Amino acid sequence: MTAASMRIAAVFAAGLGTILALTAEGMRRADAAGEINVYSYRQPFLVKPLFDAFTAETGIAVNVVFAKKGLVERLKSEGDNSPADLIFTVTSTRLEQAFEAGVTQPVQSAVLEGAIPSQYRDDEGHWWGMTLRARIIYAARDRVPAGSIGTYEDLAGPEWRGRVCSRSGKNGYNIALISSLIEHHGAERAEEWLRAVKANLARRPQGNDRAQVKAIHEGVCDVAIGNHYYYGKMLENDEQRPWAESAYLVFPNQDDRGTHVNISGVALTRSAPNRENAIRLMEFLAGPGQTLYAEQNYEYPVRPGVPWLPQVEAWGTFRVDALDLATLSRNRNAAVRMVDRVGFDQ
Ligand code: FE
């Protein structure tokens, strides 16, 4: 065994030990200081450092169930017997759907209310945004002169015919963006916009956000919509770095309403057997945990005044669309029907 592979083996064994220890250790701690059970749509690498920091500070163990889908359904079927205390997910719409499914409960907390601006949380405290994510425009460095595209509305212009890439219009990120356009312009103008963007597409919608930047790198298209943090994710990946380096970031609508943002957030479940501890974790997340949570994924802390990761700050500060995210859910169904009507994904 080489030194390197021995090191890998050792790390792997240590990792296994941690996982095995988690259950026993978690239960032991539960006696002493209690525990919290989390259902998370967010990936382990995003939430683990945060939970570890919380446990180190409080002695409260955090047990997590990770899943890509089905957690709200699971909460519904488990009902009052659910062991879950908190749901971690992205986009206000998904949090709102958990509320509509009846699996959340309101939280009253002066700490949370003081930390989180009102447009990023439910009025009654059923869900709380913890980080911000901007939906921006990626533009080809060598084919799109700086300043030639500045708004989401510009994507509908004739000069971009055959030059735009997009993932499915039905994707939650795009539905939220379209919902914001409905809110700002009304349904009729939003539909005209969507139809024109569809007409400008270089290819049928496909792939995820990163695949659109890859397409810019390959010369398939010149501009694409994507979430900002993928820029950082691509730069740290050897295969994807050239994709990121082929594009620059445009924070849209700086001269008017600002760039569309969404949240990652948390909701307290209706059953929450460890309610007090769970609220404590939420308050930790909105307080000392802000930087740690945001920087795992190059996101922005939701709490005003919390420093950004230097790399993220280097991408630019920007004006944010002040829209109350609860309004996005109101327009969600209209946005989905609109995507169908204009045949966006066809
Ligand atoms: Fe994402």
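The values are calculated or read from the model by the stated rules, or taken from the named source; none is laboratory data. Note that this is a predicted model, so its numbers are computed, not measured. Cβ sites come from the backbone with ideal geometry, for glycine too, and all protein chains shown count toward neighbours. For accessibility, only protein heavy atoms count, side chains too; no ligands or nucleic acids. Shrake-Rupley method; radii C 1.70, N 1.55, O 1.52, S 1.80 Å.
Be a star and scan segment 195-225 for residues whose amide nitrogen sits under 12 Å from the point 7 Å along the Cα-to-Cβ vector of Q346.
So the set is empty, nothing qualifies.
Excluding ligands, DNA and RNA, what is the solvent-accessible area per residue of segment 245-346 at a probe of 1.4 Å, expressed in Å²?
With all protein chains present, segment 245-346 gives 41 Å² per residue.
Rank V72, Q119, A53 by how far each Cα sits towards the positive end of the charge dipole of the chain (+1 on Lys, Arg Cβ; -1 on Asp, Glu Cβ) and give me just the farthest.
V72
Tell me which trypsin sites (Lys or Arg not before Pro) from segment 79-139 have a DSSP coil assignment and no more than 10 other beta carbons within 10 Å of their own.
none
When the dipole is taken about the Cα centre of segment 71-154, and only Lys, Arg (+1) and Asp, Glu (-1) are charged at their Cβ, what size is it in debye, to the nearest 20?
My answer is approximately 480 debye.
So how strong a dipole does the chain carry about its Cα centre when Lys and Arg Cβ are +1 and Asp and Glu Cβ are -1, to the nearest 20 debye?
My answer is approximately 920 debye.
What is the Rg over Rh value, at two decimals, for the chain, using alpha-carbon atoms and the Kirkwood definition of Rh?
In the chain, Rg relative to Rh is 0.99.
For the Cα atoms of the chain, what angle does the longest principal axis make with the long axis of helix 3-32, in degrees from 0 to 90, nearest 10?
Around 60 degrees separate the two axes.
Considering the chain as a Gaussian network with a 10 Å cut-off on Cα pairs, which listed residue, N331, N274, N237, attains the greatest mean-square fluctuation?
Greatest mean-square fluctuation among the candidates belongs to N237.
Can you tell which of H228, H217, H184 shows the greatest fluctuation in a Gaussian network model of the chain with Cα springs below 10 Å?
Maximum among the listed residues: H184.
Run the dipole for segment 204-334 about the Cα centre, Lys and Arg Cβ at +1, Asp and Glu Cβ at -1, nothing else charged, and hand back the magnitude in debye, nearest 20.
Charge dipole, segment 204-334, about its Cα centre: 600 debye, nearest 20.
In a Gaussian network model over the chain where Cα atoms closer than 10 Å are linked, find which of N208, N297, N37 has the largest mean-square fluctuation.
N208
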